[in-house]
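Participant: If you scroll down you'll find the structure; I have some questions about it.
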Amino acid sequence: MSELVRLQTRGDIALITVNNPPVNALGQAVRQGLLQAFQAAEADPQVAAVVLVCEGSTFFAGADIKEFGKPPVAPSLPEVIDAIEGCNKPSVAVIHGTALGGGLEVALGCHYRIARADAKVGLPEVKLGLLPGAGGTQRLPRLAGVAKALEMILSGAPIPASEALEHGIVDELVEGDLAEAGIAYARRLLQEGRGVRRTGEQRAGLEGADNAALIAARHAEVVKRTPGLFSPLRCIAAVEAATRLPLAEGLARERELFLECLNSPQRAALVHSFFAERQASKIADMPAETQPRETSQAAVIGGGTMGVGIALCFANAGVPVKLLEVSGEALQRALQRARETYAVSVKRGSLSEADMQRRLALIEGVTDYAALADVDLVVEAVFEDMAVKQQVFERLDAVCKPGAILASNTSSLNLDEIAAFTRRPEDVVGLHFFSPANVMRLLEVVRGGQTSHEVLASAMAIGRKLKKVAVVVGVCDGFVGNRMLFQYGREAEFLLEEGATPQQVDAALRNFGMAMGPFAVRDLSGLDIGQAIRRRQREILPKHLEFPTVADRLCAAGMLGQKTGVGYYRYEAGSRTPLENPELAAMLEAASQEKGIERRELDEQYIVERTLYALVNEGAKILEEGIAQRSSDIDVIYLNGYGFPAWRGGPMFYADSVGLGNVLARVKELHERCGDWWKPAPLLEKLAAEGRTFSGWQRGQ
Ligand code: T1G
């Protein structure tokens with residue numbers, strides 16, 4: 001028996017205990033141990049029933065994701081579960097924490113399942129580009145029905161134990177010691193003469209519904225909503241097999257479909273996204289003993305769109321927050337906006353009235369800086385002007401208690417300059433939220449030149465508390481996300497001067513998988529935002545670098561996007577549907593003529609490479625400058641803040657999958673034709689020459 005799996009007997013009950021921290025992943029050693037334990041229990045004449053529990057924070061959280069893509073090592077999980085289900089003594093799985101993926105499949109292989117009331121169960125494989133490959137698509141519908149099984153498998157979202165009880169997935173909710181609860185339940189089974197009950201032999205869930213119609217409806221929905229994704233349709237095909245094939249054939253069909261997903265590039269990209277998000281929380285030079293400061297009272301300066309969104313983040317996380325505005329009137333407007341935002345959620349049913357009141361009660365409006373004397377953290381979200389930032393930070397420095405963290409939500413200004421306005425630059429950090437701040441998961445944590453380890457650790461802890469994906473970035477113009485976006489947007493605009501239309505460019509990137517095309521995004525955020533950034537760029541960048549002129553022409557014509565009803569597209573009043581802007585064609589013609597460009601047909605691949613490789617080349621510069629710790633951090637930023645498709649893994653992972661040699665070849669070609677904007681990043685040249693990848697590179701190598 002492996003040290004990860006223990007087998008003890010308590011009278012006539014075999015107690016199998018698994019302990020594989022941190023999440024009891026079903027790696028090879030655990031599988032081996034489980035198989036041996038069940039075989040030993042079955043062979044032991046003294047044993048009448050088997051109880052399976054896990055130690056630590058959770059029941060099995062699934063297969064060991066780190067094993068994917070490596071040669072499989074026996075026993076496979078399906079083999080282990082077949083042995084568990086085949087056991088001729090009743091078995092009870094005792095679920096706590098999150099029984100996910102292969103973990104729930106192991107439980108479904110057991111004959112009975114009991115769970116702590118606060119436990120959750122789920123099949124999140126689709127989020128990894130996979131499908132439940134150890135019987136989940138065959139056994140779950142047999143218990144919970146096709147509709148529930150499809151809902152759980154296609155969403156990948158876990159459900160609470162109470163709901164699992166309702167749907168016959170678990171048999172009873174328990175509390176107290178897990179092993180004792182399991183043994184008591186097993187004893188009761190024996191007393192009541194209830195023996196083995198193989199899930200695979202159940203059919204109740206498969207009867208009484210028009211499964212074919214259910215499956216057809218979900219199929220149509222998936223085709224419409226997630227056209228580019230590989231695994232969802234295979235999830236449906238596997239469940240469909242359960243409705244018409246006996247278990248063994250259904251399991252074989254599931255295996256076929258699982259292996260197709262396992263070998264798809266999307267699986268590699270989605271598994272990369274999974275680990276990249278977890279890696280992002282690790283800061284290479286953070287001393288292990290660093291302790292974050294407590295944040296039990298926060299404050300936000302500025303009641304604009306961002307300020308209110310940030311205040312809502314704290315209230316949503318149960319943290320009392322003071323919202324400061326310059327005047328009572330402005331404050332009332334800000335508080336009204338907070339109320340309206342919550343009211344929309346209540347109307348949608350995603351928030352209860354009571355919850356809304358509870359959260360609103362955590363937001364206290366103030367107009368006097370003195371009210372901030374006792375807060376642990378302040379986030380400044382005022383107008384993007386250095387003089388205004390100076391005023392705010394000098395006042396905060398004067399009133400805030402020692403140890404308070406002074407954070408700025410600036411998206412582009414120099415954080416070190418802002419920190420220099422205080423006598424405590426080590427307590428200053430950037431917390432760059434993305435709009436709408438109460439919705440977007442991404443948080444760029446900007447590390448200033450003097451930001452202390454403790455303040456940085458505190459900023460990361462605040463990110464976790466606010467349920468954000470926090471990524472550390474260094475100080476530079478636009479940090480990571482916006483700095484790269486600037487290159488991407490510029491090249492998209494140059495494409496308009498060379499012959500493309502906004503519709504064409506946006507369609508090419510949507511087909512690539514982006515949530516929105518660059519021009520639809522610009523119309524949404526407003527073209528005047530970009531104008532201010534372009535103006536500042538022209539001042540600081542080498543004069544020989546050329547800028548596209550289309551956006552400036554639109555701004556000059558007062559066409560600022562959705563807010564003026566016309567930008568790159570035209571919008572009917574009250575509609576966000578982009579329609580053709582009849583005046584744009586002439587503007588594009590004029591822009592091309594002015595530069596002596598003969599407009600030409602551009603194909604989709606060229607459009608995608610011209611925009612995405614601009615991201616990648618800038619990403620490489622950001623890595624070698626140390627503005628981002630690792631390439632996967634850049635991927636996490638683009639996956640969570642810029643609508644980059646998760647199944648592509650992020651811009652840097654995508655470049656690795658294309659091959660840096662190919663990327664460099666195109667970048668060099670563009671450098672030739674389009675000039676110094678496309679000067680290849682030295683790191684890209686180095687890694688391409690050495691046949692290496694961004695994800696395999698570490699600073700200093
Ligand atoms: N395999 C390997 N490592 C895992 C893991 C797993 N399944 N789950 C978590 N980890 C690592 C993670 O990388 C991190 O490592 C540490 O554990 C803590 O995780 C056949 C094919 C369980 C809800 O998709 O959703 O079963 O960074 O920071 O916030 O059908 O982890 O410390 O080095 O996320 O408390 C299906 C994935 C697999 C669940 C806990 N299962 N895990 O969240 O901690 S596919 C999943 C989670 C499968 C079968 C198929 C979460 C969690 P490190 P954490 P957390």
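Participant: Given a 1.4 Å probe and every protein chain left where it sits, what share in percent of the accessible area of segment 78-149 is carbon and sulfur? If you can, show how the numbers build up before the last one.
Facilitator: Details: 700 of 1290 Å².
About 54 percent, which is the carbon plus sulfur part of the accessible surface.
Participant: Please figure out what share of the DSSP beta bridges in the chain is antiparallel and state it in percent, rounded to the nearest 5.
Facilitator: So the antiparallel bridges in the chain amount to around 30 percent.
Participant: Amide H to amide H, which residues 5 or more places from V366 or on other chains are under 5 Å from it, using H placed in the peptide plane?
Facilitator: L323, L324, E325
Participant: Pairs K543/K679; K66/K621; K389/K621; K467/K621; K282/K465: which are spaced more than 21 Å apart, C-alpha to C-alpha?
Facilitator: Numbers: K543/K679 15 Å; K66/K621 29 Å; K389/K621 29 Å; K467/K621 30 Å; K282/K465 16 Å.
From K543/K679; K66/K621; K389/K621; K467/K621; K282/K465, over 21 Å: K66/K621; K389/K621; K467/K621.
Participant: From the C-alpha coordinates alone, can you work out the Kirkwood hydrodynamic radius of the chain, in Å?
Facilitator: Numbers: mean 1/r = 0.0356 Å⁻¹.
It is 28.1 Å.
Participant: What's the FRET efficiency of K465 with K595 using the Cβ-Cβ distance as r and R₀ = 35 Å, to the nearest 0.05? The partial results should precede the final answer.
Facilitator: Values: r = 50 Å, r/R0 = 1.44.
About 0.10, to the nearest 0.05.
Participant: For F547 and K679, what is the calculated FRET efficiency with R₀ set at 25 Å and r taken between the beta-carbons, to the nearest 0.05? Please report the intermediate quantities before stating the final value.
Facilitator: On the way: r = 16 Å, r/R0 = 0.65.
Calculated value: 0.95.
Participant: Decide, for segment 353-473, between rounded, prolate and oblate: order the square roots of the alpha carbon gyration tensor eigenvalues as a ≥ b ≥ c, take rounded if a/c falls under 1.5, and otherwise choose prolate if a/b is larger than b/c, else oblate. All intermediate terms of the calculation are to be shown ahead of the outcome.
Facilitator: On the way: a/c = 1.58, a/b = 1.21, b/c = 1.30.
Judged from the Cα gyration tensor, segment 353-473 comes out oblate (a/c at least 1.5, b/c at or above a/b).
Participant: Here is a follow-up. Measuring from centroid to centroid over Cα atoms, what is the spacing of segment 194-246 and segment 550-589 in Å?
Facilitator: 46 Å
Participant: In degrees between 0 and 90, to the nearest 10, how far off the longest principal axis of the chain does helix 305-316 point, with axes built from Cα atoms?
Facilitator: Relative to the chain, helix 305-316 is tipped by roughly 20 degrees.
Participant: Under 5 Å between amide hydrogens, which residues at least 5 positions from L442 or on another chain qualify, with H placed 1.01 Å from N in the peptide plane?
Facilitator: Here the answer is V469, since their amide H atoms fall under 5 Å of that of L442.
Participant: So how far apart, in nm, are the two label points at A586 and Q605 if each is 7 Å from Cα heading toward Cβ?
Facilitator: Each label point is offset 7 Å from its Cα along the Cβ direction, giving 3.8 nm.
Participant: Taking a ≥ b ≥ c as the square roots of the eigenvalues of the Cα gyration tensor of segment 50-148, is the shape rounded (a/c under 1.5), prolate (a/b larger than b/c) or oblate?
Facilitator: Rounded, since a/c falls under 1.5.
Participant: In segment 365-385, whose amide N lies under 17 Å from the spot 7 Å out along Cα-to-Cβ of E329? List them in ranges.
Facilitator: Under 17 Å, as judged by backbone N against the label point of E329, lie 367 of segment 365-385.
Participant: Further, regarding this structure: What distance in nm lies between label points placed 7 Å from Cα along the C-beta direction at E624 and R10?
Facilitator: Those two pseudo-labels are separated by 6.2 nm.
Participant: Something else: Just to confirm, what accessible area per residue do you get for the chain at 1.4 Å probe, in whole Å²? Walk me through the numbers on the way to the answer.
Facilitator: Numbers: 28720 Å² over 701 residues.
Roughly 41 Å² per residue, with all protein chains present.
Participant: Just the C-alpha atoms of segment 575-701: what Rg/Rh do they give, with Rh taken as the Kirkwood radius? Intermediate results must be reported in sequence, preceding the final value.
Facilitator: Details: Rg = 17.2 Å, Rh = 16.3 Å.
Taking Rh as the inverse mean 1/r over Cα pairs, Rg/Rh reads 1.05.
Participant: Still on this model: On C-alpha positions alone, give me the angle between the axis of helix 247-262 and the longest principal axis of the chain, in degrees, nearest 10.
Facilitator: It works out to around 30 degrees.
Participant: For segment 447-491, state what percent of all Cα-Cα pairs lands in each successive 10 Å bin, counting from 0 Å until the bin that includes the largest distance.
Facilitator: Going out from 0 Å in 10 Å bins, segment 447-491 shows 24, 41, 27, 8 percent.
Participant: Still on this structure: Put a dot 7 Å past each Cα toward the Cβ at V366 and E249; how far apart are the dots in nm?
Facilitator: That separation, rounded to one decimal, is 7.1 nm.
Participant: Using a 1.4 Å probe on the protein heavy atoms, what percent of the accessible area of segment 196-307 belongs to carbon and sulfur?
Facilitator: Working: 3300 of 5680 Å².
Ligands and nucleic acids excluded, carbon and sulfur give 58 percent.
Participant: Can you tell me the 0 to 90 degree angle between the C-alpha axis of helix 453-465 and the longest principal axis of the chain, rounded to 10?
Facilitator: Roughly 60 degrees between the two axes.
Participant: Amide H to amide H, which residues 5 or more places from V174 or on other chains are under 5 Å from it, using H placed in the peptide plane?
Facilitator: Answer set, sorted by chain and number: A115, R116, A117.
Participant: Okay, moving on. Helix-only mean residue ellipticity at 222 nm, the chain, DSSP H runs n ≥ 4 weighted -39,500 (n - 2.57), per residue, nearest 500. What is it? Can you show the working numbers first?
Facilitator: Details: 28 runs with 341 residues, N = 701.
-15000 deg cm²/dmol, from helical runs alone.
Participant: For segment 485-557, give the percent of accessible area contributed by carbon and sulfur heavy atoms, probe 1.4 Å, rounded to a whole number.
Facilitator: Working: 1770 of 2870 Å².
Carbon-and-sulfur percentage of accessible area, whole number: 62.
Participant: Can you pull out the trypsin sites (Lys or Arg not before Pro) in segment 257-311 that DSSP calls coil and that have at most 16 other Cβ atoms within 10 Å? Before the final figure, lay out each step's value.
Facilitator: Details: sites: R267, R278, K282, R293; in loops: K282, R293.
Those that pass, being in a loop and sparsely packed, are K282.
Participant: Of the listed peptides 176-186, 424-434, what is their order by residue-averaged count of other C-beta atoms within 10 Å, with the highest listed first? List each step's numbers first, then the result.
Facilitator: Working: 176-186: 19.4, 424-434: 24.0.
Going from most to least packed, we get 424-434, 176-186.
Participant: Shifting gears a bit: Rounded, prolate or oblate for segment 203-261? Axes are the square roots of the Cα gyration tensor eigenvalues, ordered a ≥ b ≥ c, and the cut-off for rounded is a/c under 1.5.
Facilitator: On the way: a/c = 3.70, a/b = 1.18, b/c = 3.12.
In terms of gyration-tensor shape, oblate.
Participant: Oh, and also: What Kirkwood Rh does segment 190-338 have if only Cα atoms enter the pairwise 1/r average? Answer in Å. Walk me through the intermediate numbers first.
Facilitator: Details: mean 1/r = 0.0461 Å⁻¹.
By the Kirkwood definition, the hydrodynamic radius is 21.7 Å.
Participant: Additional query: What is the antiparallel percent of DSSP beta bridges lying wholly in segment 387-496, to the nearest 5? Can you show the working numbers first?
Facilitator: Values: 4 of 12 bridges.
Antiparallel bridges: around 35 percent, rounded to the nearest 5.
Participant: Which of the aspartates and glutamates could a cross-linker span from K322 if the Cα-Cα distance has to be under 15 Å and same-chain partners fewer than 8 positions apart are dropped?
Facilitator: List returned: E364, D368, D374, D376, E380.
Participant: Rounded to the nearest 0.05, what FRET efficiency do K347 and D528 have when you use their Cβ-Cβ distance and R0 = 41 Å?
Facilitator: Working: r = 31 Å, r/R0 = 0.76.
FRET efficiency, K347 to D528: 0.85.
The values are calculated or read from the model by the stated rules, or taken from the named source; none is laboratory data. This structure is a prediction, so every number in the text was calculated from the model and none was measured. FYI the Cβ positions are ideal-geometry reconstructions off the backbone, even for glycines, and counts take in every protein chain you see. Only protein heavy atoms, including side chains, enter the accessible area calculation; ligands, DNA and RNA are left aside. Shrake-Rupley method; radii C 1.70, N 1.55, O 1.52, S 1.80 Å.
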